[in-house]
Amino acid sequence: MLKKVRKDKKGFTLVELIVVLVILAILAAILVPALLGWIDKAKEKQVVINGRTVYMAAQTIASEKYASTAIADGELTLNNTITAGTEGEIVSLAGVDGTWSAKVTIAKSKVTKVEYTESGITATYDGKTWTTQKATATP
């Protein structure tokens, strides 16, 4: 008789399955926000990396042109579609894919400031450090 009871009792009960699903839902509720935070930080880091690439390209072109015809002091406006002139050289050398824009300030053939914007995130270099800021939605 005992063998027959054991043999007929296979699998999980409905209560056991519901308990497991509740535990999984609680774990998901805890982990998903943490994972989304990591994804946002990774996006910000990628924007800074691309901004540094544009900075290095601008500084390289400014240094190359210093000996012959120095780039005039001021602000250069760059984006991924420019192909002509000094701006085009910087964009080509940077080789950053996607849709982006940047403002590069040059003084005495040295890049002093960069504001690089991509995917609603702006990375700013002030001559010493990089900072990031998300674009705020205007109602």
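Of the residues that make up the stretch 61-68, is at least one of a type outside the set (Ser, Thr, Tyr), modelled with pLDDT of 85 or more, touching a helix residue (DSSP H, G or I) at 6+ places or on another chain (Cβ under 8 Å) and not in a strand (DSSP E or B)? Within the stretch 61-68 (the criterion being of a type outside the set (Ser, Thr, Tyr), modelled with pLDDT of 85 or more, touching a helix residue (DSSP H, G or I) at 6+ places or on another chain (Cβ under 8 Å) and not in a strand (DSSP E or B)), the answer is yes, since at least one residue qualifies.
Determine if the stretch 94-106 includes at least one residue that is touching a residue at least 60 places away in the same chain (Cβ under 8 Å), over 21 Å from Ile61 (Cα atoms) and not basic (Lys, Arg). No, the stretch 94-106 contains no residue that is touching a residue at least 60 places away in the same chain (Cβ under 8 Å), over 21 Å from Ile61 (Cα atoms) and not basic (Lys, Arg).
Of the residues Thr83, Thr124, the single one that is modelled with pLDDT of 90 or more and not aromatic (Phe, Trp, Tyr) is Thr124.
Among the candidates Thr105, Thr112, the residue that is assigned to a strand (DSSP E or B), in contact with a Gly (Cβ under 6 Å, 6 or more places away or on another chain) and surrounded by 13 or more Cβ atoms within 10 Å (Cβ to Cβ) is uniquely Thr112. Of the listed requirements (1) outside any helix (DSSP H, G or I); (2) over 21 Å from Thr129 (Cα atoms); (3) not hydrophobic (A, V, I, L, M, F, W, C), Glu75 misses just one: (2). Number of residues in the stretch 55-86 that are crowded, with 17+ Cβ neighbours inside 10 Å and either closer than 23 Å to Gly120 by Cβ or polar (S, T, N, Q) (or both) equals 8. Of Val20, Val48, all but one fail to be more than 15 Å from Ile121 (Cβ to Cβ), assigned to a helix (DSSP H, G or I), among the hydrophobic types (A, V, I, L, M, F, W, C) and at pLDDT 90 or above; the exception is Val20.
The values are calculated or read from the model by the stated rules, or taken from the named source; none is laboratory data. The shown structure was predicted, so the numbers you read here are calculated from the model rather than taken from an experiment. Virtual Cβ from ideal backbone geometry, glycine too; neighbours counted across all protein chains shown.
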